[in-house]
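Novice: Let me begin by handing over the structure; questions about it come next.
The values are calculated or read from the model by the stated rules, or taken from the named source; none is laboratory data. Here the structure is a predicted model, which means the values were calculated and not measured. Counting neighbours? That spans all protein chains shown, and the Cβs are built from the backbone with ideal geometry, glycine included.
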Amino acid sequence: MSAMLLPLADFTAPKIEYNELAPLLVVFGAACVGVLVEAFLPRPLRHLVQLAITVVAVVVSGVLTGILMNDNKELLAAQGAISVDGPALFTWLILLALSLISVLLFAERSIDGGLSAFAGQAAAVPGSDAEREGTAARIEHTEIFPLTLFAVGGMMLFAASNDLLVLFVALEVFSLPLYLLCGLARRRRLISQEAAMKYFLLGAFSSAFLLFGIALLYGYAGTMSLGGIADALSSDTGSDTILLAGTGLLGVGLLFKVGGVPFHSWTPDVYQGAPTPVTGFMAACTKIAAFVGLMRVFYVALGGSRWDWAPMMWIIAILTMVVGSIVAITQTDVKRMLAYSSIAHAGFLLTAFVGLAQAGSGVHNGITSTQAVLFYLVSYGFPTIGAFAVVTLVRDAGGEATHLSRWAGLGKKSPLLAGIFAFFLLSFAGIPLTAGFTGKWAVFSAAWTGGAWPLVVVAVLSSLVAAFFYVRVIVLMFFSDLPADAPDVALPGWQTTSAVALGLAATVVLGLVPGPVLDLAARAGEFIR
Amino acid sequence: MNIGWLTLLLLLPFVGAIATMLVPKAKALTAKQVALGFSLVTLVLTAIVAIGYHRNGGEDYAETHTWIKAFGAHYALGLDGVGIVLVVLTALLTPIVLIASWNDAQHGRWSEKSFFAWILGLEALSIGVFSATDVFLFYVLFEATLIPMYFLIGGFGGPQRSYAAVKFLLYSLLGGLLMLASVVGLYVISAKAGEPSYLLSDLMKLDISQNTERWLFLGFFFAFAVKAPMVPFHTWLPDAAGEATPGTSVLLVGILDKIGTFGMIRFCLGLFPNASEWATPVVLVLALISVLYGALLAIGQTDIKRLIAYTSISHFGFIVMGIFALTSQGLTGSTLYMFNHGLSTAALFLVAGYLISRRGSARIADYGGVEKVAPVLAGTFLFAGLSSLALPGLSPFISEFMVLAGTFSRHKVIAVIAVLGIVLAALYILLMYQRTMTGPVRDGIEKLKDLNAREVLAIAPLVVLIIGLGIFPKPVVDIIKPAVDETMQRVGVTDKAPQIPVTEGQK
């Protein structure tokens, strides 16, 4: 209350480091411009203009991030609310790169008869005349582009937030557009809307957990800033009960976004229902943002109480790996299978997170947890989007043929496409000479460096189970006969082609010469406070 | 002088694989000729390297380049006595298999050229595995060999090929992933000691605590035991070898499985000498069980290819026994055994393949009296079988004898029981020969054609080598011995003095 009573002369404007925050501002600014475009430009122009704005914004933001990385300047910006440090910049860069690919997929119009993967009129009742008229008139929701930009901006902010309130705001900024995007599928709209509803309800629920956790931590430390909480922890002033409860609730909220078991149940439904390009975007980018946010909160703010939360995270890591890989075996839908695979990958990431191998923790020269996680996120993100891009191409009359049995004999029909998909699967399975192997190696060694070798053993055994269901799909594609009513393989436009090609190139390069990216991740260093 | 000979050896088959794939589909014959050409050039180059190695030792061939600095991984190749022998075996068997399988891929799932290309790819990776001197590189290549083999089995085998291929892959991955845990553990120890490095020479200097060493050893050993394969991790082999084409089986048993025993020598003994000594009793018992159990099951088989697969399990038992007997005789014998087993099993599988392709059945019961109709075929079959049962005068005899003698000097009971394996070997080979080749001519056999020139051409080098090395094994032993002595030194064991010492002159 006292602050409000201060005389006006004492008020100083907050100092905003515009240069360092430029990547964020560009994305958010472009998103706002996109909204205006939606309001003022005639419909025929919108698609092109929106696409151009989005691509330019993402590229410019990426270049700015690159410049910042090169300057090697780390600081707490916006009065300590946002931390522009090495991991944040690295995360921004991969988020932007993957968003660029996703946006290309969003803009793809040539595989479904000149229409995008998104509903023409989301408000029209599925199966109604209004919907048919909209389709006939080729109406499109070009709002998806500004929505995507908001989501990307929110993710970037989330990964860099140095304050629990900013963290929460960022979470909502990137979640709300995603809820919407999930419900916008052109085909199978009911499933899509159901997915959006589920995602929204569960997401809101987890946000409540997060908020409650934040409130409790505020009660413990008397501050929202991550550094302040760390200070409070080291001076050990508040009540342990509140601290533990706050940590637990905060963990629930963050692990929900990460897709950790037992907070994963939304993943398969949402991944299945959402338009496939959006699924790819979520699977890659949400996971990246959520993971870096999780690490930042637990390492920076709660690093001092690691012995309290590490056992919980051990259990969750084990559960996530085991459940993710075992349940994936029973899946009969490609998208659901990839969803469970993404859960298993979250588990592998958690091993490095729990390993807590930090540069300062007495282990020298070894790989650090931050480095390993950042690298893994890169090595996981590119094949993921690539794989979902492939899924958009296998189609029959009802849209994408995602049931696994429909993929039988795909290797005969289109050896190239099936070969690429098999390569992505091998990368997910962690077969050497692919990105997935180097990524797995990195997180496992970080986990072991931190002493979590039992997790490594569980992880390799889960990898075996995971390998089984990836290989099953390869067997299905290459060793089964082509049925008479096999789905077609759509001819992709340049957007999907480049998305798949980029994913493939990244998977190969990161498998053969991961050195540069690993060094970049190492240079990102640790989170600052 | 080092001009990257090993890189060249590794790249050549790989380039050959790509070249083979690039030949248009309609020209299957050209594709096959291209593949064969590349494999022959590789063989010639390997011969040059082997002669150079014989003259000047392995230093000339070492190559080391940093690959992934953060992991401490290097692109490091080098040869020792064990490695060169297996590289030669790989380079030798590949063209033989290509010639022998000239028409085997016609009924595969994919084009013939892809069969040939996968084989060349496998050759490249195998040469890499046998010459890698960096554990990370070894692991990567070790796992990568699974992919060509998986497609070779799954794409070109019998009716159950998909099942066999997946079983092969999952067993191998299980071993490989547990090994991955150990590989990661090595990194952590290496990083704690200073700059992380996966070079064998650096890892050997590490000081590993007793418990850690044992765990890491188990990770590696398990992978190699699955690969080798040892009882009780062997069940994938009869399925894989039974379903695959004979050529694929030769590569699988003759080359790929050798990675297991090769890894035991180079990595288990080399990196974890104390743990290897600690594990000796259990490993020897498992090896003994493999010898006897494999042989007994071989006797009971009704399928020729599965029978040969089980004989290999028995032979691999001998090889592992020789390795873990930890005597220089045993180790030398085992290394020699790897080479000889490659030759004799290749001969046996290929001749059996000729036979099966003529009759269209692999069941022993479908044959009888072949020697009357196709004497050359029956003769080579007998020869291959005799070499497999280690008839004196043929090369496998020498290695089997050395293994048994080496084991006997340290572990008498085990060696004595293992000798039973030889008796059983005579039983399974001669029974199979008797049932298929002798007796009255069965229906469907009357018109059996004898071997043609191409088939004889493929078998001839094997026959010559088996006889040649049976009479004069010295060149190979000379190459192997220094590497074995080095390993023995590393493990810190010396041969036991003979029980009856050579008496010096009375003073």
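Novice: On the given criteria, is A:Gly154 touching a helix residue (DSSP H, G or I) at 6+ places or on another chain (Cβ under 8 Å), under 16 Å from A:Ala290 (Cα atoms) and buried (at least 20 other Cβ atoms within 10 Å of the Cβ)?
Specialist: Details: touching a helix residue (DSSP H, G or I) at 6+ places or on another chain (Cβ under 8 Å): yes; under 16 Å from A:Ala290 (Cα atoms): yes; buried (at least 20 other Cβ atoms within 10 Å of the Cβ): yes.
For A:Gly154, the condition - touching a helix residue (DSSP H, G or I) at 6+ places or on another chain (Cβ under 8 Å), under 16 Å from A:Ala290 (Cα atoms) and buried (at least 20 other Cβ atoms within 10 Å of the Cβ) - is met.
Novice: Out of the residues in the stretch B:177-189 that are more than 9 Å from chain A (Cβ to nearest Cβ) and more than 15 Å from B:Gly263 (Cα to Cα), which is surrounded by the fewest Cβ atoms within 10 Å (Cβ to Cβ)?
Specialist: B:Ile189
Novice: Is at least one residue of the stretch B:197-208 within 12 Å of chain A (Cβ to nearest Cβ) and touching a helix residue (DSSP H, G or I) at 6+ places or on another chain (Cβ under 8 Å)?
Specialist: Filtering the stretch B:197-208 for residues within 12 Å of chain A (Cβ to nearest Cβ) gives B:197-198.
Still in the running and touching a helix residue (DSSP H, G or I) at 6+ places or on another chain (Cβ under 8 Å): B:197-198.
Yes, the conditions are met somewhere in the stretch B:197-208.
Novice: Just a yes or no: is a residue in the stretch A:70-85 modelled with pLDDT under 95 and within 24 Å of A:Ile385 (Cβ to Cβ)?
Specialist: Filtering the stretch A:70-85 for residues modelled with pLDDT under 95 gives A:70-85.
Adding the requirement that they be within 24 Å of A:Ile385 (Cβ to Cβ) leaves none.
Within the stretch A:70-85, none of the residues are modelled with pLDDT under 95 and within 24 Å of A:Ile385 (Cβ to Cβ).
Novice: Would you tally the residues in the stretch B:18-37 being among the charged types (D, E, K, R) and in contact (Cβ under 8 Å) with a residue 12 or more places away in the chain? If you could, list the steps in order and put the result at the bottom.
Specialist: At the first step, the residues of the stretch B:18-37 found to be among the charged types (D, E, K, R) are B:25, B:27, B:32.
Those left that are additionally in contact (Cβ under 8 Å) with a residue 12 or more places away in the chain: B:25, B:32.
The number of residues fulfilling the criteria is 2.
Novice: If B:His65 meets every condition in (1) part of a helix (DSSP H, G or I); (2) within 14 Å of chain A (Cβ to nearest Cβ) apart from one, which number is that one?
Specialist: (1)
Novice: Give me the pairs, please: first residue somewhere in the stretch B:153-171 and facing chain A (nearest Cβ under 8 Å), second residue anywhere and surrounded by fewer than 18 Cβ atoms within 10 Å (Cβ to Cβ) and basic (Lys, Arg), beta-carbon distance under 9 Å, and either six or more positions apart or on two chains.
Specialist: Listed pairs, sorted by first residue: B:Val166/A:Arg472.
Novice: Looking at A:Ala284, A:Ala289 in this structure, which one is closer than 18 Å to A:Val166 by Cα and among the small types (Gly, Ala, Ser)? Spell out how you get there, then give the answer.
Specialist: Values: A:Ala284 fails: closer than 18 Å to A:Val166 by Cα.
Checking each option against the conditions leaves just A:Ala289.
Novice: Which helices (runs of 4 or more DSSP H) sit wholly inside the stretch A:170-284 and have at least 1 residues that are closer than 21 Å to A:Ser341 by Cβ? If you could, list the steps in order and put the result at the bottom.
Specialist: On the way: elements: A:189-221, A:226-235, A:240-258, A:266-273, A:276-281.
Passing ranges, in order: A:189-221, A:240-258, A:266-273, A:276-281.
Novice: Additional query: Taking the stretch A:409-424, which residues are away from chain B (no Cβ under 12 Å) and either farther than 21 Å from B:Gly108 by Cβ or surrounded by fewer than 23 Cβ atoms within 10 Å (Cβ to Cβ) (or both)?
Specialist: A:Lys413, A:Ser414, A:Leu416, A:Leu417, A:Ile420, A:Phe421, A:Phe424
Novice: Starting from the stretch A:474-492, take each residue that is within 14 Å of chain B (Cβ to nearest Cβ) and list its partners that are surrounded by fewer than 17 Cβ atoms within 10 Å (Cβ to Cβ), counting only C-beta distances under 7 angstrom and pairs at least six apart or across chains.
Specialist: Every condition considered, the pairs that remain are A:Leu482/A:Lys412.
Novice: Now a separate question. Which pairs do you get when a residue that is touching a residue at least 24 places away in the same chain (Cβ under 8 Å), found in the stretch B:340-362, comes within reach of a residue that is polar (S, T, N, Q), reach meaning Cβ atoms under 6 angstrom, with the pair 6+ apart or on two chains?
Specialist: B:Asn340/B:Ser395; B:Asn340/B:Ser399; B:Ser344/B:Ser387; B:Ser344/B:Ser388; B:Thr345/B:Ser312; B:Leu348/B:Ser388; B:Phe349/B:Ser249; B:Val351/B:Thr380
Novice: Restricting the search to the stretch B:239-251, which residues are crowded, with 24+ Cβ neighbours inside 10 Å and part of a helix (DSSP H, G or I)? Steps first, answer last, please.
Specialist: Step one: list which residues in the stretch B:239-251 are crowded, with 24+ Cβ neighbours inside 10 Å, which gives B:240-241, B:243-251.
The answer is B:Ala240, B:Ala241, B:Glu243, B:Pro246, B:Gly247, B:Thr248, B:Ser249, B:Val250, B:Leu251.
Novice: Further question on the same structure: Read through the list (1) touching a residue at least 12 places away in the same chain (Cβ under 8 Å); (2) in contact with a strand residue (DSSP E or B) (Cβ under 9 Å, 6 or more places away or on another chain); (3) crowded, with 23+ Cβ neighbours inside 10 Å; (4) not polar (S, T, N, Q), then give the number of the only condition that B:Trp67 fails.
Specialist: Only one criterion is unmet by B:Trp67, namely (3).
Novice: From the set of residues in the stretch A:197-220 that are among the small types (Gly, Ala, Ser) and more than 18 Å from A:Val258 (Cβ to Cβ), which is modelled with the highest pLDDT?
Specialist: As a first pass, look at the stretch A:197-220 and keep what is among the small types (Gly, Ala, Ser): A:203-204, A:206-208, A:213, A:215, A:219.
If we keep only those that are more than 18 Å from A:Val258 (Cβ to Cβ) as well, we get A:215, A:219.
Working: A:Ala215: 96, A:Gly219: 92.
Checking each candidate, the answer is A:Ala215.
Novice: Name the residue, out of A:Thr496, A:Thr434, A:Thr507, A:Thr438, that is touching a Leu at 6+ places or on another chain (Cβ under 8 Å), more than 12 Å from chain B (Cβ to nearest Cβ) and among the hydroxyl-bearing types (Ser, Thr, Tyr).
Specialist: Only one candidate qualifies: A:Thr496.
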